[in-house]
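Novice: I'd like to ask you about the structure that follows.
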Amino acid sequence: MSPRLVVWDFDGTLADSMAAGLGIFNRLAGELGFKPVEDPALARTMSSREFMKVHGITLWRLPRLVRHFRAAAAAVADQLVLFPGLAEVLEGFRDRGVRLGILSSNREDNIRRCLRANGAEEHFAFVVGYPKLFGKAKALRRILRKEGVDRAEAIYIGDEARDVEAARAVGVAVAAVTWGFHEEAILRASGPTHLVREPRHLLDLLGPQSEGV
């Protein structure tokens, strides 16, 4: 079944924000007493909870980090670029009549500033900035109810194992992209419906195009 609704994660999936994000994290690590990231490649091999343990981030300290991170991200939001090839993918989804939205741990205003800077805001019917790092399943359920879309008619696209886990908890198909934060091995182990290595292959999620469309 071709999806009616495609919901995207933002950082690491749409926006090439890893370098900026690591810079923000390392600055905040000094301010908030966390261990900075010294080896980005090693960080990509850790689950979110492993990353938190290694860097001294407890669950009760996590909300403060997320608040500070989202605020700091505002300074670079309009400097971020979308990953190469995604502009064409978004146009392809539009041409097929698929409704697009964003569900991210980043702030809505940060996301929209980046989309505007890249001329891509018009492609998205909604942007949801959900501050709970591990709360995306709940937010995704709300989106499906609000959109009136059955879970079998939706796909979530993300770059982290926690994105895969959230979608699976809701029963929504999930495409894990390998150009973001988590490396391919971690994504594969999390059990995504689709593993996507190149942006252009996201269009394959729509299935074959009908004649005359």
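Novice: Between residue 42 and residue 194, what is the label-point separation in nm under the 7 Å Cα-to-beta-carbon projection?
Specialist: Roughly 3.5 nm, to one decimal.
Novice: Mind ordering 110-119, 183-192 by average Cβ neighbours within 10 Å, highest first?
Specialist: By packing density, highest mean first, the sequence is 110-119, 183-192.
Novice: How much net charge surrounds residue 119 when only other residues with a Cβ under 15 Å from its Cβ are counted (Lys, Arg +1; Asp, Glu -1)?
Specialist: -1
Novice: What relative contact order, as a whole-number percentage, does region 18-78 give when Cα pairs under 8 Å and 6 or more residues apart are counted?
Specialist: Once divided by the residue count of region 18-78, the mean separation gives 37 percent.
Novice: Between residue 174 and residues 5 or more places away or on another chain, which pairs have amide H atoms under 5 Å apart, with H built 1.01 Å from N, and which residues are they?
Specialist: 156, 193, 194
Novice: Once the Cα atoms of helix 18-32 and of the chain are each reduced to a long axis, what angle between those two axes, in degrees from 0 to 90 to the nearest 10, is obtained?
Specialist: 30
Novice: Please work out whether region 69-210 counts as rounded, prolate or oblate from its C-alpha gyration tensor, where a ≥ b ≥ c are the square roots of the eigenvalues and a/c under 1.5 means rounded, while otherwise a/b larger than b/c means prolate and anything else oblate?
Specialist: The shape class here is rounded.
Novice: Could you work out [θ]222 nm for the chain from helices alone, using -39500 (n - 2.57) per DSSP H run of at least four and dividing by all its residues? Round to the nearest 500 deg cm²/dmol.
Specialist: -11500 deg cm²/dmol
Novice: Moving on. Taking the Cα atoms of region 18-78, what is the range of coordinates along each of the three principal axes, in descending order and whole Å?
Specialist: 30, 26, 18 Å, listed from the longest principal axis down.
Novice: Under 5 Å between amide hydrogens, which residues at least 5 positions from residue 127 or on another chain qualify, with H placed 1.01 Å from N in the peptide plane?
Specialist: Answer set, sorted by chain and number: 102.
Novice: Here is a further query. With unit charges on the beta carbon (Lys/Arg positive, Asp/Glu negative), name the residue among 57, 41, 21 whose Cα is farthest towards the positive pole of the charge dipole of region 18-78.
Specialist: Sorting the options by dipole projection puts first 57.
Every read-out reported here was derived from the displayed coordinates using simple, explicitly stated rules and does not represent laboratory data. Source: prediction; values computed, not measured. For neighbour counting, all protein chains shown are included, and Cβ atoms are generated from backbone atoms with ideal geometry for every residue, glycine included.
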